[in-house]
Amino acid sequence: MRMICRNTHGFTLIEIIATLVISGVVMAIAGMGMSIVLDGYFFASDTSKTATNVQAVLSRLEKEFTVIQNVNSATSTSIDFDGCRTDGATGTTTENHILSWSGTAGDPLLLDGNRLLNNVTSFSLTFDAALKIIEVSVTINVAQGIDSTFSTRIRPRNL
């Protein structure tokens with residue numbers, strides 16, 4: 001009597017299809033998880049860059065406002081002032097500066113017509129002549145439609 005042996009090497013078509021389907025489902029779930037992680041990373045990166053830029057602008061304004069000699073005019077969105085500069089070669093000079101924002105969300109904050117900060121959502125400036133304090137508040141879209149507000153108070157030393 002002869003025995004017939006079946007070939008038991010390899011995989012059946014059903015096993016291969018089942019493996020591909022299961023692998024596809026696992027890859028889709030892993031891909032969605034990676035997408036969420038990458039979105040979080042890019043959001044944090046954009047937020048960090050924007051916050052750094054705003055802090056640099058506020059530091060610049062603190063330096064400009066610290067040496068104010070005279071405030072010519074001030075509104076809630078602009079200030080016209082004379083600042084004092086000391087240069088080793090020419091001595092002390094007075095320069096006129098204007099910090100302004102148009103009042104339209106998305107427009108830049110300008111110093112002497114030059115951009116300091118883009119995409120400003122809101123800006124307010126308060127000059128208290130009695131207390132000799134300037135308060136600046138800037139709201140900017142940091143990322144994905146989320147606004148953050150940054151503020152500082154400056155006491156000019158020469159007023």
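Against the list (1) in contact with a strand residue (DSSP E or B) (Cβ under 8 Å, 6 or more places away or on another chain); (2) farther than 14 Å from F150 by Cβ; (3) of a type in the set (D, E, K, R), the condition E62 fails is (2).
The set of residues in region 125-140 that are in a strand (DSSP E or B) and either under 13 Å from V71 (Cβ atoms) or touching a residue at least 40 places away in the same chain (Cβ under 8 Å) (or both) comprises L125, T126, F127, D128, I133, I134, V136, V138, I140. F81 passes every criterion in (1) more than 15 Å from V136 (Cα to Cα); (2) in contact with a helix residue (DSSP H, G or I) (Cβ under 9 Å, 6 or more places away or on another chain); (3) not aliphatic (A, V, I, L, M) apart from (1). Would you check which residues across region 58-112 are aliphatic (A, V, I, L, M), farther than 19 Å from I133 by Cβ and in contact (Cβ under 8 Å) with a residue 24 or more places away in the chain and list them? Passing the criteria: L109, L111. Considering I133, I98, I140, I154, the condition of being farther than 27 Å from S48 by Cα, at pLDDT 85 or above and in contact with a Leu (Cβ under 9 Å, 6 or more places away or on another chain) is satisfied by I98 alone. Condition test on R85, is it basic (K, R), under 27 Å from R157 (Cβ atoms) and within 29 Å of the chain's Cα centre (by Cα)? Judged against the criteria, R85 is not a match.
Every condition in (1) closer than 14 Å to E64 by Cα; (2) out of contact with any His (no Cβ under 7 Å at 6 or more places or on another chain) is met by L109 except one, and the failing one is (1).
The condition (being at pLDDT below 85 and over 16 Å from Q55 (Cα atoms)) is satisfied by just one residue among T93, T126, T104: T93. One residue stands out among those in region 70-79 that are over 28 Å from I146 (Cα atoms) and either among the aromatic types (F, W, Y) or surrounded by 14 or more Cβ atoms within 10 Å (Cβ to Cβ) (or both): the one that is nearest to the chain's Cα centre (by Cα), which is A74. A count restricted to region 59-100 and to residues that are outside any strand (DSSP E or B) and under 21 Å from R115 (Cα atoms) stands at 12.
The values are calculated or read from the model by the stated rules, or taken from the named source; none is laboratory data. Quick caveat: nothing in here was measured; it's all calculated off a predicted structure. Because the Cβ atoms are built from the backbone with ideal geometry, glycine has one as well, and the counts that use them run over all protein chains shown.
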